[in-house]
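**Q** Pasting in a structure now, in structure tokens, and then I'll have a few things to ask.
Taken together, the values in this text are just the output of simple stated rules run on the coordinates, not laboratory data. What you are looking at is a predicted structure, and each value in this text was computed from that prediction instead of being measured. Cβ placement follows ideal geometry from the backbone for every residue including glycine, while neighbour counts extend to all protein chains displayed.
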Amino acid sequence: YIIGDGIGPDIWKAASRVIDAAVEKAYNGEKQIEWKEVLAGQKAYDETGEWLPKETLDTINEYLIAIKGPLTTPIGGGIRSLNVALRQELDLFTCLRPVRWFKGVPSPVKRPEDTDMVIFRENTEDIYAGIE
């Protein structure tokens, strides 16, 4: 996991507890996640002098899974968005957004229970990736 910058540690503290509880419930306590922190953003820069260390990318490629908090991109020339860099370096070319209605949640749609779709968004090219 990448803890993230700013409110990242606060988000991570809550998110990891929710994920751990979900895994425990889903597997009746027979499985658990062994969290491994990798560095990116301000914490990475403070500890290594790099905003996105190669070791971070290598670890994510090895484990094939990661979760991250919000990342700071330094202001000034020469540094691209860390989020864009992660998407491009790891070839995360699609952002999937499932859309479903949850019972009890108000909706402006007439029959929200019939809503079940997925939005696919290209993630590594064009304006979304900051390519001119």
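**Q** For the chain, what are the DSSP H helices with axial Cα length of 18 Å or more and mean Kyte-Doolittle hydropathy of at least 1.0? Present the calculation step by step, with values, prior to reporting the outcome.
**A** Values: long enough: 8-26 (26 Å, -0.01).
Taking the DSSP H segments of the chain (at least 18 Å long, mean hydropathy at least 1.0), we get none.
**Q** Can you pick out the pairs among LYS36/LYS103; LYS13/LYS54; LYS25/LYS54; LYS43/LYS103; LYS68/LYS110 whose Cα atoms lie more than 30 Å from each other?
**A** In this structure, LYS36/LYS103; LYS25/LYS54; LYS43/LYS103; LYS68/LYS110 lie more than 30 Å apart at Cα.
**Q** By the gyration tensor of its Cα atoms, with a ≥ b ≥ c the square roots of the eigenvalues, what is the shape of the stretch 1-75: rounded for a/c under 1.5, prolate for a/b over b/c, or oblate? The partial results should precede the final answer.
**A** On the way: a/c = 3.40, a/b = 1.73, b/c = 1.97.
Since a/c reaches 1.5 but b/c is at least a/b, the shape of the stretch 1-75 is classed as oblate.
**Q** What does a probe at ILE119 reach in the stretch 84-102, counting residues whose amide N is under 18 Å from the point 7 Å along Cα→Cβ?
**A** 93-102
**Q** While we're on this one: Suppose we take every Cα in the stretch 1-131 and form the convex hull; what volume per residue is that in Å³? Please report the intermediate quantities before stating the final value.
**A** Working: hull volume 22.2 nm³, N = 131.
Per-residue hull volume (Cα only) is 169 Å³.
**Q** What does the net charge come to around LEU90 if you take all other residues with beta carbon closer than 13 Å to its beta carbon, with K and R at +1 and D and E at -1? Please report the intermediate quantities before stating the final value.
**A** Details: positive: LYS54, LYS68, ARG87; negative: ASP58, GLU62, GLU89, ASP91.
Residues near LEU90 contribute -1 overall.
**Q** Still on this structure, I have one more. Under the 0.36 nm per residue contour assumption, what length would be gained going from the current alpha-carbon distance of ALA26 and VAL105 to full extension?
**A** Values: separation 79, 0.36 × 79 = 28.44 nm, distance 2.43 nm.
Net length gain for the segment: 26.0 nm.
**Q** To the nearest 20 debye, what charge dipole does the chain have about its Cα centre, counting +1 at the Cβ of each Lys and Arg and -1 at the Cβ of each Asp and Glu?
**A** Working: 16 positive and 22 negative charges, 144 e Å.
For the chain, the charge dipole is close to 700 debye.
**Q** Still on this model: Quickly estimate the mean residue ellipticity at 222 nm for the chain, helices only: each DSSP H run with n ≥ 4 gives -39500 (n - 2.57), and the total goes over all residues, rounded to 500.
**A** -10000 deg cm²/dmol
**Q** Between TRP35 and ARG80, what FRET efficiency comes out of the Förster formula 1/(1 + (r/R0)^6) with R0 = 30 Å and r the beta carbon distance, rounded to 0.05?
**A** Details: r = 28 Å, r/R0 = 0.92.
Once the sixth-power term is evaluated, E becomes 0.60.
**Q** With the chain treated as a Gaussian network of Cα nodes joined by springs under 10 Å, which of ASN28, ASN83, ASN61 yields the largest mean-square fluctuation?
**A** Among ASN28, ASN83, ASN61, the largest GNM mean-square fluctuation belongs to ASN28.
**Q** Using 0.36 nm per residue of separation minus the Cα-Cα distance, give me the extension gain between ASN61 and GLU47 in nm, one decimal.
**A** Details: separation 14, 0.36 × 14 = 5.04 nm, distance 2.13 nm.
My answer for the length gained is 2.9 nm.
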